[in-house]
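Below is one structure, written out as C-alpha coordinates, with a few remarks after it.
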Amino acid sequence: MKRKESPAGYDARYRSSEYYFDPKPYKFIEVLAEHKAPGTVLDVGAGEGANAVYLASKGFTVKAVDFSSAGLEKINARAHAEGLTVETELADLSEWSIDRDYDVLVSTAVLHHLFPEEALRVLEDMQQHTLPAGIHAITLF
(Lines give C-alpha, C1' and ligand atoms only; values in the text may rest on other atoms or scores of the structure.)
Protein backbone atom coordinates (compact mmCIF):
# COMPACT_ATOMS: atom_id res chain seq x y z
CA MET A 1 0.00 0.00 0.00
CA LYS A 2 1.24 3.44 -0.85
CA ARG A 3 0.97 6.44 1.46
CA LYS A 4 -1.24 9.37 0.40
CA GLU A 5 1.62 11.79 0.88
CA SER A 6 5.34 11.54 0.26
CA PRO A 7 8.33 13.42 1.62
CA ALA A 8 8.77 14.95 -1.85
CA GLY A 9 5.25 16.36 -1.73
CA TYR A 10 5.86 18.06 1.60
CA ASP A 11 9.34 19.19 0.54
CA ALA A 12 7.72 20.98 -2.42
CA ARG A 13 5.21 22.69 -0.10
CA TYR A 14 7.81 23.69 2.48
CA ARG A 15 10.54 24.95 0.09
CA SER A 16 8.94 28.38 -0.11
CA SER A 17 10.12 31.06 2.29
CA GLU A 18 6.45 31.51 3.18
CA TYR A 19 4.86 29.07 5.57
CA TYR A 20 2.54 26.51 3.99
CA PHE A 21 0.83 25.99 7.35
CA ASP A 22 0.28 28.59 10.05
CA PRO A 23 3.65 29.68 11.52
CA LYS A 24 1.97 30.13 14.91
CA PRO A 25 1.73 27.17 17.29
CA TYR A 26 -1.51 25.40 18.05
CA LYS A 27 -3.39 27.24 20.79
CA PHE A 28 -3.23 24.24 23.12
CA ILE A 29 0.57 24.24 22.74
CA GLU A 30 0.58 27.82 24.02
CA VAL A 31 -1.60 26.77 26.97
CA LEU A 32 0.67 23.78 27.63
CA ALA A 33 3.71 26.08 27.79
CA GLU A 34 1.92 28.27 30.34
CA HIS A 35 1.05 25.35 32.61
CA LYS A 36 3.97 22.91 32.25
CA ALA A 37 7.43 23.65 33.60
CA PRO A 38 10.04 23.57 30.83
CA GLY A 39 11.46 20.13 30.20
CA THR A 40 12.14 17.88 27.24
CA VAL A 41 9.82 17.80 24.23
CA LEU A 42 9.58 15.47 21.26
CA ASP A 43 7.60 16.88 18.33
CA VAL A 44 6.58 13.87 16.22
CA GLY A 45 5.90 14.98 12.65
CA ALA A 46 7.00 18.55 13.30
CA GLY A 47 6.44 19.86 9.77
CA GLU A 48 7.64 23.46 9.52
CA GLY A 49 8.18 23.65 13.26
CA ALA A 50 5.63 26.13 14.58
CA ASN A 51 5.12 24.11 17.77
CA ALA A 52 8.77 23.09 18.15
CA VAL A 53 10.21 26.59 17.79
CA TYR A 54 7.54 28.08 20.06
CA LEU A 55 8.25 25.57 22.82
CA ALA A 56 12.00 26.18 22.47
CA SER A 57 11.29 29.90 22.90
CA LYS A 58 9.57 29.06 26.19
CA GLY A 59 12.62 27.26 27.58
CA PHE A 60 11.85 23.68 26.57
CA THR A 61 14.55 21.42 25.15
CA VAL A 62 13.00 20.32 21.86
CA LYS A 63 13.63 17.57 19.35
CA ALA A 64 11.63 17.78 16.10
CA VAL A 65 11.22 14.74 13.85
CA ASP A 66 9.78 14.82 10.35
CA PHE A 67 10.14 13.09 6.97
CA SER A 68 10.51 16.38 5.09
CA SER A 69 14.05 17.67 4.85
CA ALA A 70 12.67 21.05 3.71
CA GLY A 71 10.52 21.24 6.83
CA LEU A 72 13.50 20.49 9.05
CA GLU A 73 15.59 23.08 7.21
CA LYS A 74 12.86 25.64 7.88
CA ILE A 75 12.84 24.67 11.58
CA ASN A 76 16.60 25.05 11.82
CA ALA A 77 16.59 28.41 10.02
CA ARG A 78 13.79 29.82 12.16
CA ALA A 79 15.33 28.57 15.40
CA HIS A 80 18.70 30.02 14.40
CA ALA A 81 17.12 33.37 13.48
CA GLU A 82 15.48 33.50 16.91
CA GLY A 83 18.65 32.45 18.75
CA LEU A 84 17.17 29.10 19.74
CA THR A 85 18.21 25.48 19.47
CA VAL A 86 15.94 22.74 18.19
CA GLU A 87 17.40 19.30 17.56
CA THR A 88 16.06 17.86 14.31
CA GLU A 89 15.91 14.36 12.88
CA LEU A 90 14.89 13.26 9.40
CA ALA A 91 12.83 10.08 9.72
CA ASP A 92 9.90 8.19 8.25
CA LEU A 93 7.57 7.66 11.23
CA SER A 94 6.37 4.35 9.80
CA GLU A 95 9.86 2.89 10.46
CA TRP A 96 11.21 5.16 13.20
CA SER A 97 11.57 4.57 16.95
CA ILE A 98 11.93 7.09 19.76
CA ASP A 99 15.45 7.27 21.14
CA ARG A 100 14.92 8.49 24.72
CA ASP A 101 12.31 9.56 27.26
CA TYR A 102 10.56 12.96 27.21
CA ASP A 103 8.40 15.13 29.45
CA VAL A 104 6.11 16.19 26.61
CA LEU A 105 5.35 14.41 23.34
CA VAL A 106 3.60 16.46 20.65
CA SER A 107 1.98 15.17 17.48
CA THR A 108 -0.29 17.59 15.65
CA ALA A 109 -2.17 16.51 12.51
CA VAL A 110 0.24 13.68 11.71
CA LEU A 111 -0.84 10.20 12.83
CA HIS A 112 -3.78 10.02 10.41
CA HIS A 113 -1.24 9.98 7.56
CA LEU A 114 0.05 6.59 8.74
CA PHE A 115 -1.59 3.23 8.29
CA PRO A 116 -3.51 2.31 11.47
CA GLU A 117 -0.95 -0.33 12.52
CA GLU A 118 1.88 2.18 12.10
CA ALA A 119 0.03 4.88 14.05
CA LEU A 120 -0.67 2.45 16.87
CA ARG A 121 3.01 1.48 17.01
CA VAL A 122 4.01 5.17 17.17
CA LEU A 123 1.47 5.80 19.97
CA GLU A 124 2.78 2.82 21.93
CA ASP A 125 6.34 4.03 21.42
CA MET A 126 5.32 7.49 22.66
CA GLN A 127 3.71 5.94 25.74
CA GLN A 128 6.84 3.91 26.52
CA HIS A 129 9.04 7.02 26.25
CA THR A 130 7.01 9.38 28.41
CA LEU A 131 8.61 10.38 31.70
CA PRO A 132 6.54 10.20 34.92
CA ALA A 133 4.05 13.09 35.00
CA GLY A 134 4.71 13.57 31.30
CA ILE A 135 1.97 14.42 28.86
CA HIS A 136 0.96 13.93 25.24
CA ALA A 137 -0.43 16.71 23.07
CA ILE A 138 -2.02 15.02 20.06
CA THR A 139 -4.43 16.18 17.35
CA LEU A 140 -5.88 14.21 14.44
CA PHE A 141 -8.19 14.97 11.56
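The values are calculated or read from the model by the stated rules, or taken from the named source; none is laboratory data. As the structure is a computational prediction, the values presented were derived from the model and not from experiment. Virtual Cβ from ideal backbone geometry, glycine too; neighbours counted across all protein chains shown. Note: accessible area is taken over every heavy atom of the protein model, side chains too, but ligands, DNA and RNA are not part of it. Shrake-Rupley method; radii C 1.70, N 1.55, O 1.52, S 1.80 Å.
Among the residues of the stretch 121-133, what is the count of those that are over 17 Å from Leu93 (Cβ atoms) and either in contact with a helix residue (DSSP H, G or I) (Cβ under 9 Å, 6 or more places away or on another chain) or in contact (Cβ under 8 Å) with a residue 60 or more places away in the chain (or both)?
Counting residues in the stretch 121-133 that are over 17 Å from Leu93 (Cβ atoms) and either in contact with a helix residue (DSSP H, G or I) (Cβ under 9 Å, 6 or more places away or on another chain) or in contact (Cβ under 8 Å) with a residue 60 or more places away in the chain (or both) gives 1.
I need the full set of residues from the stretch 119-141 which are within 12 Å of Tyr102 (Cα to Cα) and of a type outside the set (Gly, Ala, Ser), in order please.
Within the stretch 119-141, Asp125, Met126, Gln127, Gln128, His129, Thr130, Leu131, Pro132, Ile135, His136 meet the criteria.
May I ask you to list the residues in the stretch 109-124 that are surrounded by 12 or more Cβ atoms within 10 Å (Cβ to Cβ), out of contact with any Asp or Glu (no Cβ under 8 Å at 6 or more places or on another chain) and not in a loop (DSSP other than H, G, I, E, B)?
The answer is Leu111, Glu118, Ala119, Leu120, Arg121, Val122, Leu123.
Among the residues of the stretch 99-108, is any in contact (Cβ under 8 Å) with a residue 60 or more places away in the chain, open to solvent by less than 50 Å² (accessible area, probe 1.4 Å), within 13 Å of the chain's Cα centre (by Cα) and within 22 Å of Ala12 (Cβ to Cβ)?
So far as the stretch 99-108 goes, yes, one or more of its residues are in contact (Cβ under 8 Å) with a residue 60 or more places away in the chain, open to solvent by less than 50 Å² (accessible area, probe 1.4 Å), within 13 Å of the chain's Cα centre (by Cα) and within 22 Å of Ala12 (Cβ to Cβ).
Gln127 is checked against (1) of a type outside the set (D, E, K, R); (2) surrounded by fewer than 17 Cβ atoms within 10 Å (Cβ to Cβ); (3) touching a His at 6+ places or on another chain (Cβ under 9 Å); (4) assigned to a strand (DSSP E or B) and fails just one. What number does that condition carry?
Status for Gln127: all satisfied but (4).
Any idea which residue in the stretch 11-44 is nearest to Arg121 (Cα to Cα), counting only those that are open to solvent by 10 Å² or more (accessible area, probe 1.4 Å), of a type outside the set (Lys, Arg) and in contact with a strand residue (DSSP E or B) (Cβ under 7 Å, 6 or more places away or on another chain)?
Thr40
Going through Leu90, Leu140 one at a time, which residue ends up being aliphatic (A, V, I, L, M), in contact with a Pro (Cβ under 9 Å, 6 or more places away or on another chain) and open to solvent by 50 Å² or more (accessible area, probe 1.4 Å)?
Exactly one of Leu90, Leu140 is aliphatic (A, V, I, L, M), in contact with a Pro (Cβ under 9 Å, 6 or more places away or on another chain) and open to solvent by 50 Å² or more (accessible area, probe 1.4 Å), namely Leu90.
Just the residues that are part of a loop (DSSP other than H, G, I, E, B) and either of a type in the set (A, V, I, L, M, F, W, C) or at positive phi (or both), please, taken from the stretch 88-107.
Residues satisfying the conditions are Ala91, Leu93, Trp96, Ile98.
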